[in-house]
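Beneath this line is the structure, given in structure tokens, with notes to follow.
The values are calculated or read from the model by the stated rules, or taken from the named source; none is laboratory data. Treat the numbers as computed from the prediction; the structure is a model and nothing was measured. So basically every Cβ, Gly included, is an ideal-geometry build from the backbone, and we count neighbours across all protein chains shown. Note: accessible area is taken over every heavy atom of the protein model, side chains too, but ligands, DNA and RNA are not part of it. Shrake-Rupley method; radii C 1.70, N 1.55, O 1.52, S 1.80 Å.
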Amino acid sequence: MENPLKVIGTSSTTCGGCHSAGCGTCGPSPHTSKAPVAFNRREFGYTVLAASATALLTGCSQQKSAEQAAQPAPAAPALSPELAVVQTSKGPIMTTLEEFYKMGPGPSSSHTMGPMRITYDFFQRVSKLPEDQLQQATSLKVHLFGSLSATGKGHGTDRASLAGLLGKAPATCPPQFLDELAANPDQAYKVTLGPKTLDLTLKDIIFDATKGEFPHPNTMTAKLLAGDQTIYELEYYSVGGGFIEWKGYKPPDKGQPKYPFDHARDLKKFLIDDKIPLPQLLLQNEMAISGRSEKEIWEFLDQVAEVMVRGVDTGLTVESVLPGPIKLHSKAAALQHNLKTSAKGEAGRAVTRVASYGFAMGEENARGHIIVTAPTAGSAGIIPAVVKSLRDLNTPTQKIRDGFLAAAAIGYLCKHNATLSGAEGGCQAEVGVGSSMGAAMIAQALSANPKVVSNAAESALESHLGMTCDPVAGYVQVPCIERCAYGAVKAWTAYSIASEEIPEQRRVDLDTTIDAMALTAKEMNSKYKETSEGGLAVSVVLC
Ligand code: SF4
């Protein structure tokens, strides 16, 4: 299948949302020009996952896993051209902060975050139905199709869907509630819709047909029923990156950016010609594109920061074996605890502290708790680690908001000119971009000039070029969690280098490195693009 990545010297642009069951969570871009290619690869990964589970029961066989991994991947279903995610659009970057920093349960933006956003949307819709209709209601049902049905059990699609149906907002749902749903599969929970209160259980989330003519590989329907009669029904699609669409979906109208850019060099020109600070430029664009007020934008970013820091704080206190066949023990709490007692010296303590923050949020993602895509679920530990460490320095709130804007700008550039999807570009596109965003965030929050911000981002990205995506058993745990820790530490390293060197002497600029990432992504062997066919995924035997 043709690769939609832009590479040097070509005119096609941007990544698409991968339809991943793991973390490959680039969001669909309004500029996406081709259907994403990840679905069949990821499905292939689950063949290996199944092999791993079998090995656990029957004794391990690396050869057997390899043989199973050599099975041909199922063909990818064609996507409906009606979906916004496959519609063609070109022009300047139009991504908004709310599209980019998405909050919801991990570990998969398409299989947990998207479904919860869908059922929460359905809950809100049916809550507004006329009272006489609600009075007749007897049940709510959700049917999962395609990949959501085939691989949803392992990713907690059912509990995420039930939580949304119960009216829990993805951004604020307590992690304990999600854990309770998983631990008590037969328990009935009450949901109130106007005058009616209904009982719901996990059995109301139905794993339906895995094969068929679906408009999208991740299709689901939600229904409000009166006995056998349907009162209200809607077909939804979890189109990747936590984005959702539904039958008849129309993309929201957007305004034109005040400072249109699609490369870092365009930003540089505006900064010089208009003598406008980078955060102001990005704020003006966000207001123009999204139609949000400055106050609304700051409130949103403050909420993002709170969700991130809350996740890190939770992750630092919990010690557990993470869900799934790897039986991976969490490390964040131990790292944090040992900080107080071990003799690591100043450098060791600083690195350990930042790493523990990255571990904490990466482990929270693996537990299926609430995370923020930054840029993806698999790399969701990096920016929270940066925010937490900036708060340790008593960085003012406004500076952290400015940092979020700068980080988003780096993510937008990578999304627009390369990819944010491990399934398209390997881990350089997820952890690499996350680290690059983190470096820009630190530099901006600590009031560095725009050249240093850009150089810091370039340095971090350059240091991740070529990193492959090879999650063991298809779970977003090994190597993903430790890579979040390294990504955060490298963000600080990149900032340290960029803030000490003479900015004009840096020989590589950010646009060049993003182009290099796109080229590397295009030429990377597909085994290393989230297929679980290569690297650690086949080297590690689970037994
Ligand atoms: S290896 Fe990297 S890109 Fe692949 S699933 Fe893990 S975090 Fe995502």
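Just order 306-319, 441-454 by mean Cβ neighbour count inside 10 Å, highest at the front, would you?
Details: 306-319: 20.1, 441-454: 24.1.
Descending packing order for the listed peptides: 441-454, 306-319.
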Open item on the list: Could you work out what % of the accessible surface of region 439-521 is carbon and sulfur, using a 1.4 angstrom probe and leaving DNA, RNA and ligands out of the count?
Closed with: 54 percent
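At a Förster radius of 41 Å, what calculated FRET efficiency corresponds to the Cβ-Cβ distance of ASN338 and SER539, to the nearest 0.05?
Working: r = 29 Å, r/R0 = 0.70.
My answer for the efficiency is 0.90.
Leaving out ligands and nucleic acids, note down the accessible area per residue over region 385-543 with a 1.4 angstrom probe, in whole Å². Intermediate results must be reported in sequence, preceding the final value.
Details: 4970 Å² over 159 residues.
Normalised by residue count, the accessible surface of region 385-543 is 31 Å².
Rank-order 181-190, 506-515 by packing density, defined as the average count of other C-beta atoms within 10 Å over each peptide's residues, highest first. Display every interim value, and only then the final one.
Numbers: 181-190: 13.3, 506-515: 18.0.
The densest-packed peptide leads the list: 506-515, 181-190.
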Task: Accessible area per residue in Å² at 1.4 Å probe, computed on region 227-351 - done: 55 Å²
- [ ] Could you order peptides 197-204, 430-437 by the average number of other Cβ atoms within 10 Å of their residues, highest first?
- [x] 430-437, 197-204
Open item on the list: Checking the a/c ratio against 1.5 first, then a/b against b/c, what shape does the Cα gyration tensor give for region 233-314?
Closed with: oblate
Open item on the list: With Kirkwood's inverse mean 1/r over C-alpha pairs for Rh, give me the Rg to Rh ratio of region 293-346, two decimals please.
Closed with: 1.20
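Between their Cα atoms, which of LYS451/LYS490; LYS223/LYS247; LYS102/LYS141 are more than 22 Å away from each other? Display every interim value, and only then the final one.
Details: LYS451/LYS490 18 Å; LYS223/LYS247 14 Å; LYS102/LYS141 25 Å.
Result: LYS102/LYS141 exceed 22 Å.
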